[in-house]
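Notes to accompany the following structure.
The values are calculated or read from the model by the stated rules, or taken from the named source; none is laboratory data. All figures in this text were calculated on a predicted structure; none of them were measured in a lab. Every residue, glycine among them, receives a Cβ derived from its backbone with ideal geometry; neighbour counts consider all protein chains shown.
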Amino acid sequence: MSQPTSKPAVAAADSKQKPFEHIVFTDFDGEEGILVDLNTKKYYQLNETAMLIWKGLEQGMSSDQIAARIAEEYDVTTTVALENVEKLLGDLTGYKLIES
């Protein structure tokens, strides 16, 4: 009799997360941006790289795709870019700004 196998969890790098609908993003000249949580009335300032990650989320990109874009635009490896993407996604999840 075979044992049931569970499906492996999807790696965080492969998952696609998206902003909650109650989060509003404003881009200021491509150098900084602001997220406003309409439910809590809190706002969060984003630097240029964080904005690139946020825009990727809005476009439905995966962590890997966002990291590849960052590696293309900045002088970092894809591995370093992915580490930074995953850290910010963890922060955004903790602040309840994005959903899986």
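Take the conditions more than 12 Å from the chain's Cα centre (by Cα) and farther than 22 Å from Glu21 by Cα and apply them to Thr40. Does it pass? The answer is no for Thr40. The residues of the stretch 22-44 that are at pLDDT 95 or above and charged (D, E, K, R), listed by number, are Asp37, Lys41, Lys42. Of the residues examined, Lys42 is one that is without any contact (Cβ under 8 Å) to a residue 60 or more places away in the chain and among the charged types (D, E, K, R).
Residues in the stretch 65-95 that are surrounded by 15 or more Cβ atoms within 10 Å (Cβ to Cβ) and of a type in the set (Lys, Arg): Arg69 alone. Looking across the stretch 45-72 at every residue that is among the acidic types (Asp, Glu) and either under 17 Å from Gly33 (Cα atoms) or modelled with pLDDT under 95 (or both), the one that is farthest from the chain's Cα centre (by Cα) is identified as Glu48. The C-beta contact set for the stretch 9-23 (first residue under 20 Å from Asp64 (Cα atoms) and assigned to a loop (DSSP other than H, G, I, E, B), second residue modelled with pLDDT under 80 and not β-branched (Val, Ile, Thr), distance under 7 angstrom, 6+ apart or interchain) comprises Ser15/Ser100; Gln17/Ser100.
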